[in-house]
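Right, one structure below, let's go through it.
The values are calculated or read from the model by the stated rules, or taken from the named source; none is laboratory data. None of the values given here were measured: they were computed from a predicted structure. Reconstructed Cβ throughout: ideal geometry from the backbone, glycine too, with neighbour counts over all protein chains shown.
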């Protein structure tokens with residue numbers, strides 16, 4: 001049986017970079033899971049790589065078909081943005097292991113959907129000042145700066161990843177991403193141990 005590893009953490013904690021690095025570790029034999037979103041595509045992103053970029057009409061169609069595993073909607077300064085996981089036949093745990101970027105909320109719903117034995121949380125932690133600096137640097141590289149959204153996400157993460165919620169979700173292990181290579185090695189060790 002394979003495992004579904006859910007990589008999660010506050011915004012600008014390095015999830016995307018760690019995700020890419022883990023997927024390129026051939027010895028791990030893990031496949032990517034691509035989520036869906038209705039948010040606009042960012043500079044440098046590609047449809048089907050970071051997310052499947054879609055719209056509200058497609059979300060409603062998938063929901064009516066009973067294909068939504070979990071979904072979250074964020075009321076952003078640019079309107080509502082949905083992020084969701086679809087049971088689209090791409091996850092076959094009887095055959096392979098997978099890596100997915102999610103939130104604490106999505107982790108719990110995916111764990112409930114696929115089973116606690118198959119879903120492994122990988123919680124990335126970064127000190128808030130460093131995280132804010134990384135987020136600002138990333139936003140400055142975008143064509144259309146969304147600083148208000150950056151601030152909203154930063155503040156929302158404080159609540160979304162509160163100590164109480166981490167405890168309720170059963171998150172015990174934390175991977176501190178101050179030094180990228182060291183964090184990556186810790187994550188690889190955990191995945192190898194689970195295989």
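Residue 93 meets each of the listed conditions (1) without any contact (Cβ under 8 Å) to a residue 60 or more places away in the chain; (2) more than 29 Å from residue 182 (Cβ to Cβ) apart from (1). Taking into account only those residues within the stretch 74-116 that are part of a strand (DSSP E or B) and touching a helix residue (DSSP H, G or I) at 6+ places or on another chain (Cβ under 7 Å), which is farthest from residue 37 (Cα to Cα)? Here the residue is 99.
The lone criterion from (1) in contact (Cβ under 8 Å) with a residue 12 or more places away in the chain; (2) on the phi < 0 side of the Ramachandran plot left unmet by residue 47 is number (1). Can you find even one residue in the stretch 61-73 that is crowded, with 17+ Cβ neighbours inside 10 Å, outside any strand (DSSP E or B) and either under 20 Å from the mean Cα position of the chain (by Cα) or without any contact (Cβ under 8 Å) to a residue 40 or more places away in the chain (or both)? Checking the stretch 61-73: at least one residue is crowded, with 17+ Cβ neighbours inside 10 Å, outside any strand (DSSP E or B) and either under 20 Å from the mean Cα position of the chain (by Cα) or without any contact (Cβ under 8 Å) to a residue 40 or more places away in the chain (or both). If a residue must be surrounded by fewer than 21 Cβ atoms within 10 Å (Cβ to Cβ) and under 24 Å from residue 194 (Cβ atoms), how many such residues does the stretch 74-87 contain? Total meeting the criteria: 1.
Scanning the stretch 47-60 for residues that are surrounded by 14 or more Cβ atoms within 10 Å (Cβ to Cβ) and assigned to a loop (DSSP other than H, G, I, E, B) yields 50, 54. Kindly indicate whether any position in the stretch 35-46 is out of contact with any helix residue (DSSP H, G or I) (no Cβ under 6 Å at 6 or more places or on another chain), more than 20 Å from residue 146 (Cα to Cα) and surrounded by fewer than 13 Cβ atoms within 10 Å (Cβ to Cβ). Within the stretch 35-46, not a single residue is out of contact with any helix residue (DSSP H, G or I) (no Cβ under 6 Å at 6 or more places or on another chain), more than 20 Å from residue 146 (Cα to Cα) and surrounded by fewer than 13 Cβ atoms within 10 Å (Cβ to Cβ).
Out of curiosity, is residue 126 buried (at least 18 other Cβ atoms within 10 Å of the Cβ), at pLDDT 90 or above and more than 20 Å from residue 4 (Cα to Cα)? Here the answer is yes, as residue 126 does meet what is asked.
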